[in-house]
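In what follows, a single structure is set out as structure tokens and then discussed.
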Amino acid sequence: MKRRAVLALITVGCCLFLAFLMWKGLGKQAMMGEVKATPWSNDPLNDPTYRAREKFIIDMIALNGSRPYNSEELEFLRQLAQMKEGDCLWRDHRGDAIYLLSWSPDPEQRKEAYHFAIDGLKDPCWYIRALSIKALARLKAKNAIPSILPLLNDTHPEVRNRPRKPCSN
């Protein structure tokens, strides 16, 4: 009987502790926290536009493909997926947007993701080529195989090795 009381007390204590952590916002918010500026003057995180884009991408990652993107989110992802050189770290945002578009459960949005990913296979930046392959794998786009095959001889190992196994949804 005494043992059950101790177990019940420990269980209640753990539940209260977890409730406290959730109340304080520890956990998900700690992992996906605010994108903050740094003390280094040349760091892109000091650019408010870059930080806003980065926060948007983090928010979209947190959705984890749970719903289709709304019109504003979709339009911003389109803009990011079409970014070209000259913008602050355009490579990161373009590659991430192409991959994020492939997460949508909406068939029309997935079709659009396919076209951005096919275009990304020809990009001069290896990061965008690698994420485009990853997006096509997530889309299970078997008809993209002829476009992907030439990248088996890509100069960058991250592109050649992407992905080694099929992505799961």
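The values are calculated or read from the model by the stated rules, or taken from the named source; none is laboratory data. Computed from a predicted model, the values in this text were never measured in an experiment. Reconstructed Cβ throughout: ideal geometry from the backbone, glycine too, with neighbour counts over all protein chains shown.
One table, with the values for the structure above:
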read-out	value
Top-ranked residue in segment 103-113 [being over 16 Å from the mean Cα position of the chain (by Cα) and touching a residue at least 24 places away in the same chain (Cβ under 8 Å); ranked as farthest from Lys142 (Cα to Cα)]	Asp106
Search result, residues across segment 124-136 that are crowded, with 19+ Cβ neighbours inside 10 Å and of a type outside the set (Lys, Arg)	Trp126, Ile128, Ala130, Leu131, Ser132, Ile133, Ala135, Leu136
Some residue of segment 103-123 being of a type in the set (D, E, K, R), out of contact with any Ser or Thr (no Cβ under 7 Å at 6 or more places or on another chain) and crowded, with 22+ Cβ neighbours inside 10 Å	no
Inter-residue pairs, beta-carbon under 6 Å, first more than 11 Å from His93 (Cα to Cα) and in segment 50-70, second among the charged types (D, E, K, R) and at pLDDT 90 or above, 6+ apart	Pro68/Asp106
